[in-house]
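Here's the structure, in structure tokens; my notes come after.
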Amino acid sequence: MLLRRSSVAHKLVSSSVAGRSSLFKLGGCSLFASQTAALPLLPDAMPSAREEYADINWDELGFGLQPTDYMFSAKCTAEEGFSRGELNRYGNIELSPSAGVLNYGQGLFEGLKAFRSEDSGGLLLFRPEENAKRLQMGAERLLMPSPSVELFLDAVKKTVLANRRWVPPPGKGALYLRPLLLGTGAVLGLAPAPEYTFLVYASPVGNYFKEGLSPIHLMIGDGVYRATPGGAGDVKTIANYAPVLKAQREAKRKGFTEVLFLDSVNNRYLEEASSCNVFVVKDNVIATPATRGTILPGVTRKSMIHLARNLGYQQVEERLVSVDELADADEVFCTGTAVVVAPVGSITYKDKRFEYQTGSKTTGQRLYSALTGIQMGRLPDDMDWMVEID
Ligand SMILES: *Cc1c(COP(=O)(O)O)cnc(C)c1O
């Protein structure tokens, strides 16, 4: 395992980590069974929780799961609504085999980051209310009850505090928070689940793509689409991701980093990649596909549009962006919580390869510096985007 620990309390943690081989234990319907019950509930009861930093190599963080100490969970039933929720040791959960999420994909996820401020060393969240509201929109789409913004913020803050030794040192990455809203009640026929679980876990992360901050290379999806009008492409439902794995693998086999999807009606307008939004720059005009039901409205996308206008770009457009515009664009970049701003070095469309400017003088790089400066507490947060945790 990745964890190196010595004291008795540490061994307790390691043994629970070792037992965590599969995500879900099937067979019962109570959550957080025996494995977690015997362990101390409060972070302060564990000596390790008082360490400033967990004992891992902070210089080698990628975007992989590094288990942390605690996760938050709250249940929701029709009679009682959402419980206040509680922290439990991070570990497997038990689900009924007929849970709505397992059988019919009634599930949503979110993704946001906590940073250690370069300035004060305090812990900061980036625009968490945006994620709370987006989860509510998704919940409405999938006929699920959603946690209030207040419960969402409380859950995220508690998860960060309980795992604070896993928040990377300034400049080394962030603690990625993964809220889940799952239909955990049992159903057989197609129907909304009778019970829901709101869960938040965390993992420290570094760069998303193995390229790091170097350019990524995209391939336009051929006859494969991420979303359709009237579908659920604009919400972060877990059901939108497994269907793109095959296209993603094909692209990787051909040496590309990711797939860039076109719209499914005209096969002509850019939508986004499987987990990030896209921007195209030509003569200082910045364009990004308008969100009309088939594109995930990214918090980073929205922030980029705002920052670009603040930086003095006169034309920042949300509109249809045709694949034809790729032929003479100056620059292309992708945005998302996980990728931040990824410069695109090339896009390949029907055997034609278009190349773009990358590097320190680009619009993407300026926006990257503006965004990460605010996130790390290095630049003034005039928009009040950062939420301090303690
Ligand atoms: C999460 C996600 C994004 C990026 O959204 P952010 O809020 O910026 O993280 C973009 N596209 C898809 C398909 C996503 O799932």
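Since every read-out is calculated from the coordinates, none of them should be taken as a lab result. These numbers come from a predicted model, not from an experiment. Please note: Cβ atoms are built from the backbone with ideal geometry, for glycine as well, and neighbour counts cover all protein chains shown.
Side notes on the structure shown:
- Residue satisfying all of: in segment 371-387; within 20 Å of the chain's Cα centre (by Cα) and not in a helix (DSSP H, G or I); nearest to residue 119 (Cα to Cα) among these: 376
- Hits in segment 321-339 (condition: β-branched (Val, Ile, Thr) and either more than 9 Å from the ligand (Cβ to nearest atom) or farther than 28 Å from residue 130 by Cβ (or both)): 321, 323, 332
- Some residue of segment 209-220 being within 16 Å of the ligand (Cβ to nearest atom), within 17 Å of the chain's Cα centre (by Cα) and not acidic (Asp, Glu): yes
- All conditions but one from (1) out of contact with any strand residue (DSSP E or B) (no Cβ under 7 Å at 6 or more places or on another chain); (2) outside any loop (DSSP other than H, G, I, E, B); (3) within 12 Å of the ligand (Cβ to nearest atom); (4) not β-branched (Val, Ile, Thr) apply to residue 232; the one that does not is (2).
- Candidates 124, 175, 180, filtered to the one that is buried (at least 24 other Cβ atoms within 10 Å of the Cβ), out of contact with any Pro (no Cβ under 9 Å at 6 or more places or on another chain) and among the hydrophobic types (A, V, I, L, M, F, W, C): 124
- Residue that is nearest to residue 345 (Cα to Cα), among those in segment 280-298 that are within 12 Å of the ligand (Cβ to nearest atom) and in contact with a Pro (Cβ under 9 Å, 6 or more places away or on another chain): 295
- Residues in segment 110-126 that are over 15 Å from residue 296 (Cβ atoms) and either in a loop (DSSP other than H, G, I, E, B) or away from the ligand (no atom under 15 Å from the Cβ) (or both): 116, 117, 118, 119, 120, 121, 122, 123, 124.
- Selection status of residue 155, in a strand (DSSP E or B), of a type in the set (Gly, Ala, Ser) and surrounded by 23 or more Cβ atoms within 10 Å (Cβ to Cβ): no
- All strands (runs of 3 or more DSSP E) inside segment 255-330 with 2 or more residues being among the aliphatic types (A, V, I, L, M): 258-262, 270-273, 277-282, 285-289
- Given (1) over 18 Å from residue 337 (Cβ atoms); (2) within 16 Å of the ligand (Cβ to nearest atom), index of the condition residue 129 fails: (1)
- Any hit, segment 349-359, residues being charged (D, E, K, R) and touching a Lys or Arg at 6+ places or on another chain (Cβ under 9 Å): no
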